[in-house]
1. Angle between the Cα long axis of helix 3-20 and the longest principal axis of the chain, 0 to 90 degrees, nearest 10?
2. Using only Cα atoms, tell me the angle between helix 216-227 and the longest principal axis of the chain; keep it within 0 to 90° and round to the nearest 10.
3. Would you mind calculating the relative contact order of the chain from Cα pairs under 8 angstrom and at least 6 residues apart, reporting the percent as a whole number?
4. Mind checking the full-extension length gain between residue 417 and residue 404? Use 0.36 nm per residue of separation minus the Cα-Cα distance, one decimal, nm.
5. Determine, from the Cβ-Cβ distance of residue 491 and residue 181 and an R0 of 51 Å, the FRET efficiency 1/(1 + (r/R0)^6), rounded to the nearest 0.05.
6. Select one label from [x] 24.4, 79; [y] 22.6, 75; [z] 33.7, 119: the one whose number is Rg and Dmax of the Cα atoms in Å as derived from the coordinates shown.
7. Gap in Å between the Cα centre of the range 225-293 and the Cα centre of the range 92-134?
8. Just to be sure I understand: of the beta bridges DSSP finds with both ends in the chain, what percent are antiparallel, rounded to 5?
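Read-outs: derived from the displayed coordinates by stated rules, not from any lab. All of these numbers come straight from a predicted model, not from anything done at the bench. Quick reminder, even Gly has a Cβ in these numbers, built from the backbone with ideal geometry, and neighbours come from all protein chains shown.
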């Protein structure tokens, strides 16, 4: 990596680090006097071989006592935040107003809580949260002697507790439920299934052992938030200090990020580090999660896209855990601080006034209050093309699957029948610098301009359909099966370093009649091709999008993307098409 490139990445990552804390500074509205009381508490816990303090607030609704107990809601912050964030303490207030006992705390390594940042590791963060469940069960007291005897118990030592929160505050729910089955209901929002997929995605099907394309902007933004805490929070608890080489994270987290930033992925080193990232992710422990789970994922999210929630949903369902899923509009890449009209806004406390909020209240009514209520359909998704706020969500009893097939013709057309495929070949090559742009991660959250997505001529290939004769609604993850020719990549792909394999980026545009292109939510599918001598299938990020009548679909594979680390060296690529042997694009299309 050149010194100039390294410096530019450092500057952008610093800006991202500042931006990521922006949405956490919102101020929630004050609660009405007399509805509940709030007590600040400290808890000394043992986590990951360290003893440290957790900073928490206890919300006690008026009228709740040992004779009239109530279920509890446990919540913590997103990455870089604390219990005092508007979106976090709004949870305590919103549910206390509705009669729930609330315990809202700063996660390990954040706010005024101690210990290292350990990426919601079940063995560390999960075990720490389990000690807070002991408090809610009346089995232990806070450090000042405060104890509770007014949380509903299912049996001695087993409090009736639900958890809710987003992003980092979403994964902690699954981590906690995997080590402590006393949790009764979960609502993880905009969170991850597998940090390997989140931060180093390889969208090639069956490429589990092959590293992907490093999502360097998002990852380094989070890393700088964690490592830069002495600047933002001086006089840190000593339990939050690791060493000079890794200040505030557990060491293996820093090792993983440094390896990804290096752009070199030798098999003997990379496999272990990616195994670590996967080990602290829900993908590795979901089989132990038994608590009913309502997954809420954002369509506007290039950090944790819809495929993450889909993977969690399918795994929980396969193991018999009660689970339902909602694809709302907002995520890390849009609407987080200003949700669309009618969408859930925890800071405003509009639970009863939003579709998602009503579903959450029903979920807790069913599993915390034990009411016989309808918790809604298995799957629901927001449609941004519907203007009536009462009809924006559509529902289904199952996830749509790719079904409609289009074919990649040698003349650059996307056709609906193999017989229409023209024989031909076309080529592109990468440059030593990125030549395609999808997004500047979190630019919108920071209020910074972000250029429209683009691809530089000669560094990508595109296939475009004829204008659509009717509107087409795509709901789910498109899929493409491709075969490429790259002699340079074929010579280097078995070097022992995965960085020598070919990298490309697949994406799907909406082209309006005037020629304007839209990359839906700026989502792309990075691929490090396992073996260029064989066909491979790519799963694109899930979308919910209407292609209007008269618009055209455009499928593109590009040589690079400036939000990711890409190819090492120049690797020209050719795509050959013939009626009996060509690429196929499959779309999950639904009918109203």
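1. Roughly 40 degrees, rounded to the nearest 10.
2. Orientation of helix 216-227: about 30 degrees from the principal axis.
3. That works out to 14 percent.
4. 3.6 nm
5. My answer for the efficiency is 0.45.
6. Looking at Rg and Dmax of the Cα atoms in Å for this model, the match is [x].
7. The range 92-134 and the range 225-293 have Cα centres spaced 19 Å from each other.
8. Within the chain, antiparallel bridges account for around 70 percent of the total.
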